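The values are calculated or read from the model by the stated rules, or taken from the named source; none is laboratory data. This is a predicted model, so every value here is computed, not measured. Heads up, the Cβs are rebuilt from the backbone with ideal geometry, glycines too, and the neighbour counts pull from every protein chain shown.
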Amino acid sequence: MSRIWNFSAGPAALPEEVLRQAQEELLDWRGAGCSVMEMSHRGKEFMSILEQAEADLRELMGIPEQYKVLFLQGGATQQFAQIPMNLLAGRSADYIVTGSWSKKAFKEAQRIGNVRCAATTEASNFTRLPFANEIQLDPFAAYLHVCTNETIHGVEIPAQRIADTGVPLVADMSSHILSRPVNVEKFGLIYAGAQKNIGPSGLTLVIVHRDLLGMAPLTIPTVMDYAVMAENGSMLNTPPTYAIYIAGLVFQWLKRQGGLEGMAAVNDEKARILYECIDQSGGFYTNPVDPDCRSAMNVPFVLANAELDAAFLAESKAAGLLSLKGHKSVGGMRASIYNAVPLAGVQALVDFMNDFAKRNG
Ligand SMILES: Cc1ncc(COP(=O)(O)O)c(C=O)c1O
């Protein structure tokens, strides 16, 4: 068996320890006589898995009691629609567009109701955050939507830039949730598809302040109503049980890494060495994002000579570095260095990049 360093944007690397534990428990979960995949979601075994996962997540993120944690399905993409369905309540909402994902969220919300673009950095190719004087907020908005880490463009909103605007803040944290501590109380709703820093695809996390529950019109499908899901403990219908189980193992692994503070220290060092390699390559590699908002999770970069792209990809793969091809909309390369990619993996990438630049520069 040979596992290689995996820089996939998602579904992405999972901690090896978690995979090994899942393997050990696959056939017989802790004496239950069956796999987690085969047990009733309403039985006491699975209920204990769900409760433990929620308790560990609350502890890791410091989620206050007035927030509900929902384990949903449909991906972050479903949330693009479910959020306006639940929160608009006949009003308008504001969207700040800083990359492909917030642009998609804004576009989808337009199908549901009245939404405004409060700022966009598209004219700058999504390489920076909007300046304060470019943001036009509606003080009566039902909510303000942001994507705190743009997975494709590699733009991350630093925590200190998250200001209170007087309206509930809704954040797509899909690609950097759990990568560092976050002050949950600044947000009305946080959501994330699981397949980057949480666990396997098929699970979507929603953390929502209880004041935002119960606003949905009765015309929306029951399964889309946050309040109904909250009342039913995410079990109105069958939840994605195996994905929740793996997420629970990831939460316990995170606690063993020193929680989100411990994770942030490693993530900062990983990002530092990779950006340093790019910036010190004499223009061989470049990352176009404003240094104030470079993502510590998704690092896009281009080679000055695009004719070398194919060789870079083939040789990196041969060197045991997987999934470095950039998103088709921006081209070049992208290294996603989520929690489960250790410093040694990023060091291996940096060593390869330095060597490749030396040989081809
Ligand atoms: C920031 C962000 N939002 C939303 C999505 C869409 O997620 P899903 O595929 O779970 O619907 C992604 C997927 O990569 C993402 O990175």
Worksheet entry | Test result for PRO84, under 15 Å from ALA243 (Cβ atoms), within 16 Å of the ligand (Cβ to nearest atom) and modelled with pLDDT of 95 or more | no
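Is it the case that some residue within the stretch 295-313 is small (Gly, Ala, Ser), surrounded by fewer than 20 Cβ atoms within 10 Å (Cβ to Cβ), assigned to a loop (DSSP other than H, G, I, E, B) and at negative phi? Walk me through it before giving the result.
Here is the first cut: in the stretch 295-313, the ones small (Gly, Ala, Ser) are 295-296, 304, 306, 310-311.
Restricting the remaining residues to those that are surrounded by fewer than 20 Cβ atoms within 10 Å (Cβ to Cβ) gives 304, 306, 310-311.
Add one more test, that the residue is assigned to a loop (DSSP other than H, G, I, E, B), and what stays is 304.
Filter again for at negative phi, leaving 304.
So far as the stretch 295-313 goes, yes, one or more of its residues are small (Gly, Ala, Ser), surrounded by fewer than 20 Cβ atoms within 10 Å (Cβ to Cβ), assigned to a loop (DSSP other than H, G, I, E, B) and at negative phi.
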Worksheet item: Somewhere in the stretch 230-240, is a residue within 15 Å of the ligand (Cβ to nearest atom) and in contact (Cβ under 8 Å) with a residue 60 or more places away in the chain?
Response: yes
Worksheet item: Just for the stretch 168-193: of the residues that are within 12 Å of the ligand (Cβ to nearest atom) and among the hydroxyl-bearing types (Ser, Thr, Tyr), which one is farthest from ALA271 (Cα to Cα)?
Response: TYR191
Practice prompt. Go through (1) surrounded by 17 or more Cβ atoms within 10 Å (Cβ to Cβ); (2) more than 15 Å from the ligand (Cβ to nearest atom) one by one and return the number of the condition PRO130 breaks.
Written response: (1)
Response to the item:
Counted residues in the stretch 1-53 being outside any loop (DSSP other than H, G, I, E, B), touching a helix residue (DSSP H, G or I) at 6+ places or on another chain (Cβ under 8 Å) and surrounded by fewer than 14 Cβ atoms within 10 Å (Cβ to Cβ) come to 1
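For the stretch 73-84, name all the residues that are surrounded by fewer than 22 Cβ atoms within 10 Å (Cβ to Cβ) and aliphatic (A, V, I, L, M). Quick ask: steps written out before the conclusion?
The first filter runs over the stretch 73-84 and keeps only residues surrounded by fewer than 22 Cβ atoms within 10 Å (Cβ to Cβ), leaving 73-75, 77-78, 81.
The one that is surrounded by fewer than 22 Cβ atoms within 10 Å (Cβ to Cβ) and aliphatic (A, V, I, L, M): ALA81.
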Practice prompt. Answer with yes or no whether ILE198 is within 16 Å of the ligand (Cβ to nearest atom), among the β-branched types (Val, Ile, Thr) and under 30 Å from MET85 (Cα atoms).
Written response: yes
Discussion item. Tell me yes or no: at least one residue of the stretch 100-114 is surrounded by fewer than 16 Cβ atoms within 10 Å (Cβ to Cβ) and either in contact (Cβ under 8 Å) with a residue 40 or more places away in the chain or within 23 Å of MET61 (Cα to Cα) (or both).
Written reply: no
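The rows are residues; the columns are (1) within 23 Å of SER336 (Cβ to Cβ); (2) among the hydrophobic types (A, V, I, L, M, F, W, C); (3) touching a Phe, Trp or Tyr at 6+ places or on another chain (Cβ under 7 Å).
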position: PRO11; (1), (2), (3): yes, no, no
position: ALA22; (1), (2), (3): yes, yes, no
position: GLU25; (1), (2), (3): no, no, no
position: GLY31; (1), (2), (3): no, no, no
position: SER35; (1), (2), (3): no, no, yes
Worksheet item: Take the residues of the stretch 162-176 that are out of contact with any helix residue (DSSP H, G or I) (no Cβ under 7 Å at 6 or more places or on another chain) and in contact (Cβ under 8 Å) with a residue 60 or more places away in the chain: which is surrounded by the fewest Cβ atoms within 10 Å (Cβ to Cβ)?
Response: VAL167
Discussion item. I'm checking my understanding of the structure. Among residues of the stretch 328-361 that are within 20 Å of the chain's Cα centre (by Cα) and at pLDDT below 95, which one is surrounded by the most Cβ atoms within 10 Å (Cβ to Cβ)?
Written reply: VAL330
Response to the item:
Requiring at least 1 residues that are of a type in the set (Asp, Glu), the strands (runs of 3 or more DSSP E) wholly within the stretch 151-240 are 169-172
Fill in: Candidate set from the stretch 270-283 (those that are in contact (Cβ under 8 Å) with a residue 40 or more places away in the chain and over 15 Å from ASP351 (Cβ atoms)); member that is surrounded by the fewest Cβ atoms within 10 Å (Cβ to Cβ)
GLY282
